[in-house]
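Structure first, commentary second.
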Amino acid sequence: MSSYQSTFKQSVTDPATFWLEQSKQIDWFTPPSIAIQSDENGIERWFPDGELNTAYLALDYHVENGRGDQTALIYDSPVTGKKAQYSYRVLRDQVATTAGMLSELGVVKGDRVIIYMPMIPQAVFAMLACARLGAIHSVVFGGFAPNELAVRIEDAEPKVLLTASCGIEVSKVIPYKPMVDKAIMDSRWKPEHVVVYQRPEVQASLDQERDADWAALFEKATAHDCVPVKATDPLYILYTSGTTGKPKGVVRDTGGHAVAMKYSMSTVYNVSPGEVYWAASDVGWVVGHSYIVYAPLIHGCTTILFEGKPVRTPDPGAFWRVCDEYNVSVLFSAPTAFRAIKKEDPDGQEIQNYPMTTLRTIFMAGERLDPPTLEWVELHTGKPVVDHWWQTETGWAIATNPIGLESFVTKPGSATKPTPGFDVQILNETGQACAPLEQGFIAVERPMPPSCLATVWRNHDRFESGYLSQFPGYYVSGDGGYIDEDGFLFVMGRIDDVINVSGHRLSTGEMEEILGGHEAVAECAVVGAYDELKGQVPLGLVVLKDGYFSNQGDIEKALVKKVRDEIGPVACFHRAVIVDRLPKTRSGKILRRIIRQIADGESYTIPSTIDDPASLEDVSNAIG
Ligand code: COA
Ligand code: AMP
C-alpha cells in the first residue's frame, strides 16, 4: 500500500487513533485523553478534554523554543510603499499588548470582537490578541458594505469593534469609519467600543463616546498572557454566504483547528518550519485566517501579509517580485489572480525578471481551476501547480495532491485525492453511492476531521438543515462532482445558489432578495454567468411591476447601485436586465440553470415541464 493509501485508510477507519496521534504535534496546556465525543447536539467534537491557546502555539511556543529572532510576519504594501518585518518575539509582544488593550476595554474569554480592517499588521495582531484572551473574533472583509457589516454585528453581538481609518484599493482610498458608523446605526446590537487604527492616508473622526484611538490605547496597555481555553471553545466565527440573504456564522473550534492547521502544513503543503509561506489572499476570507495567520505561525514558518493585488500594484510582476524578494517556498492564491496576471502579461515576461529559486509549489483554491490557467502558470513559472478544494466550513483542504505524503501525477480539472481525514463520497439524489465518473453530490462521511464546523453560530438548526439532514451520516458540501476510476475527485461547481466571483463566495439568493426589495420589481432571478477573468459574475434578470415600464434604464442603474450599496463592490453586480417574463416550469420554479446556459452561450435542453417556451427567447434577446 502506498504511503497516501495507508495514511488515508487509517484516517477514515480509525479516526480517533489517527487524530489523537496528530494532536501530539502541538503543545497543549492539557493534552487531550479523548479524541472524539458527541456533544449535546449529537455532533462529533474533537479533543473535548484538551486545553490550549492558539496564540501561545503561534507565538510564545516559538519564542520559548528558539525561534524568537526568526521573522514571523512580513508586511509588504505596494499600495502605500511600506514594508516591515516582525520577528516571533516582536510579534508576540505586539499581540500581547493588543490583548492587554482589549482586556482593558473589558474583553474576556468568550466575548466577540469584530475586526473590519484592511491588510495591515494590526489586523493580524488583533486576531491573535483575541485568540490570546480566548475571545472570539469575527473578521469582516473590507469589500463588504455597511449593511453586510451590520448583519454580522447583529448576529455576533461583539463587545468591541476594531477597525482602521481606511483601506487602500490600488489607487482608491476607502474610508472605513463612516461605513462602521452606518453599520452600527443600522444594527440592533451596539458594540461598547469602536477602536480605530488611524492610517496616515485618512484621519477618521472619533466623535462618538464609544470611539477610541488605537495608538493611544495601545501605548497605555500592558501585555496580557495567554488564557487557556477548551479545545471545543470557539476560536472564531467567520460568516460565509449561504443560499439565503443571511450569511452563516461558521464556528471554528480551537483545538481541532490547531491540530488540522499543523497537520496540513506538512501533509498538504510539504513545507518545513523556518520556510517562507505566502497565501496571497485577504484576512477577511478563510484562506487568510488559515494560511496567512494561523497555520504558518503554528508551524513556525514566516508568513506574508501583502496589501496589494496581483496586477496594477504596480504591475503583473507583483507576485513574482514578492516570491523572489522574500524567498517564498510555497505560494497559494486563487486562480482568478493568475488569470489577471496572464491577461496583462500573456507571455509571462515579468516572470523572467525574478528567479524565484526557493519557490517549490504553487497552490490554488477558491474556485475551479480552469486547465488553461493551470497550464499557463506551470509553463511560464516552471513550478508545479496543486489545485486543492476546500471551503470556509472546513478551514482546510478536503481534497488535494498530498505532496507531503506522496505526489500524484495530477489530472487537469481534478483536485486529486481526498485529504486524509475526509471520507469523500459522491451520492445520488437518494443518497446511494454513485459509480465512478457518475456525477452527484459531493459529501463527506461523518465524523468530519478536526477543524470542520460543528454548528452555525447561534443557529444550530441551520447547520443541521443546511449540511447534515439531506443524507443522514454525511456532511453535504454544496458542490457537485465525480470521482474517476483512479479515485481522482473532480469538483464541478455549486449545486445551490452560491457563486464564486474572483474566488469570493457570494449568494445569488441574497442578491435576489435585494433586487426583490426594489419597489419596481415584480420578480427576479440572479445567476452566475461565465467571466473570463473573475470565473463568474452575477447577472440579474428582472420583471417589472405594471406602471414601471417608462424608466427602464434608470431602474437598471438603480438596481446595480442597490446591490453595490447593500452587499458591497465585491459583489461585482454590474448587470440587471429587464425581461417580460422569467422562464419557469408549470409549477412556478424559475429555470435558473437554463438562464445561465443562455448567458454563457451554451446549448440547453428545453424541459418538457416549461410553462412558456417563448420566455427563453425573451431572455436570450434581452441578454444579447
Ligand atoms: N476593500 C474595499 N473594496 C474592495 C476590497 C477591499 N478589501 N476588495 C475588493 N474591493 C472592491 C474593488 O476595489 C472593486 O471595486 P470597484 O467595483 O469600485 O472597482 C470591487 O471590490 C471588485 O473587486 P475584485 O473582484 O477584487 O476586482 P478587481 O478588479 O479589483 O481585482 C483580481 C480582480 C482578480 C485582481 C482580485 O479579485 C484578486 O486578486 N483576487 C484574488 C482572490 C482572492 O484573494 N481570493 C481569496 C480566496 S484565495
Ligand atoms: P469558500 O467557502 O469561500 O472558500 O468557498 C468554497 C467554495 O469554493 C467551494 O464550495 C467550491 O464551490 C469553491 N472551490 C474552492 N476551491 C475549489 C477548487 N479547488 N475547485 C473547485 N471549486 C473550488
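Throughout, read-outs are computed from the coordinates displayed, never taken from laboratory work. Quick caveat: nothing in here was measured; it's all calculated off a predicted structure. FYI the Cβ positions are ideal-geometry reconstructions off the backbone, even for glycines, and counts take in every protein chain you see.
Can you give the FRET efficiency to the nearest 0.05 for Asp225 and Asp315, using r as the Cβ-Cβ distance and R₀ = 35 Å?
Rounded to the nearest 0.05, the efficiency is 0.20.
Once the cut-off is 20 Å, how many percent of the Cα-Cα pairs in region 423-580 end up in the long-distance tail?
The calculated P(r) of region 423-580 puts 60 percent of pairs beyond 20 Å.
Antiparallel as a % of all DSSP beta bridges within the chain, to the nearest 5?
The answer is about 60 percent antiparallel.
Does a label point 7 Å from the Cα of Phe29, set along Cα-to-beta-carbon, have any residues of region 52-89 with amide nitrogen under 13 Å, and which are they?
52-57
Residue separation times 0.36 nm, minus the C-alpha to C-alpha distance between Thr605 and Glu201: what's the value?
Gain in length upon complete extension: 140.0 nm.
Say each of Ser272 and Ser587 gets a label point 7 Å from the Cα, pointing the same way as Cα to Cβ; how far apart are those two points in nm?
6.0
What does the extension gain come out to for Thr243 and Gln470, with contour length at 0.36 nm per residue minus their alpha carbon separation?
80.2 nm
Could you line up Phe144, Phe18 from fewest to most neighbouring Cβ atoms inside 10 Å?
Ordered from fewest to most neighbouring Cβ atoms within 10 Å, Phe144, Phe18 come out as Phe18, Phe144.
Counting other beta carbons within 10 Å of each Cβ, put Trp28, Trp278 in order, fewest first.
By the 10 Å Cβ count, ascending, the order reads Trp28, Trp278.
Stretch Thr430-Thr13 to full length: gain in nm at 0.36 nm per residue minus the Cα-Cα span?
Taking Thr430 through Thr13 to full extension adds about 147.7 nm, to one decimal.
Show log10 I(q)/I(0) for region 87-227 at q = 0.18 Å⁻¹, two decimals, from a solvent-free Debye sum over equal Cα scatterers.
Relative scattering, expressed as log10 I(q)/I(0), comes to -0.98.
What number, in nm² with one decimal, is the all-direction average of the projected area of the convex hull of the alpha-carbon atoms of the chain?
27.6
So, counting K/R as plus one and D/E as minus one, what does the shell of residues with Cβ under 10 Å around Ile74 add up to?
-1
For Arg199, Arg89, what's the fewest-to-most ordering of other Cβ within 10 Å of each Cβ?
Listed from fewest to most nearby Cβ atoms, that is Arg89, Arg199.
Find the centroid of the Cα atoms in region 5-72 and in region 89-145, then give the distance between the two in whole Å.
Answer, in whole Å: 23.
Taking 35 Å as R0, compute the FRET efficiency from the Cβ-Cβ separation of Glu40 and Val108 and round it to 0.05.
After rounding to 0.05, the efficiency reads 0.90.
Any chance you could check the Cα centroid distance between region 187-227 and region 269-300 for me, in angstrom?
Measuring centre to centre over Cα atoms gives 27 Å.
Quick one: work out the % antiparallel among DSSP beta bridges in region 87-227, nearest 5.
Restricted to region 87-227, the bridges split so that about 25 percent are antiparallel.
Sequence gap of 8 or more, or different chains, plus Cα separation below 26 Å: how many lysine pairs satisfy both in region 87-227?
12
If r is the Cβ-Cβ distance from His460 to Trp189 and R0 is 22 Å, what FRET efficiency results, to the nearest 0.05?
Step by step, r from the Cβ atoms, then E = 0.65.
Could you let me know the centre-to-centre spacing of region 401-434 and region 549-619, using Cα atoms, in angstrom?
One Cα centre to the other: 35 Å.
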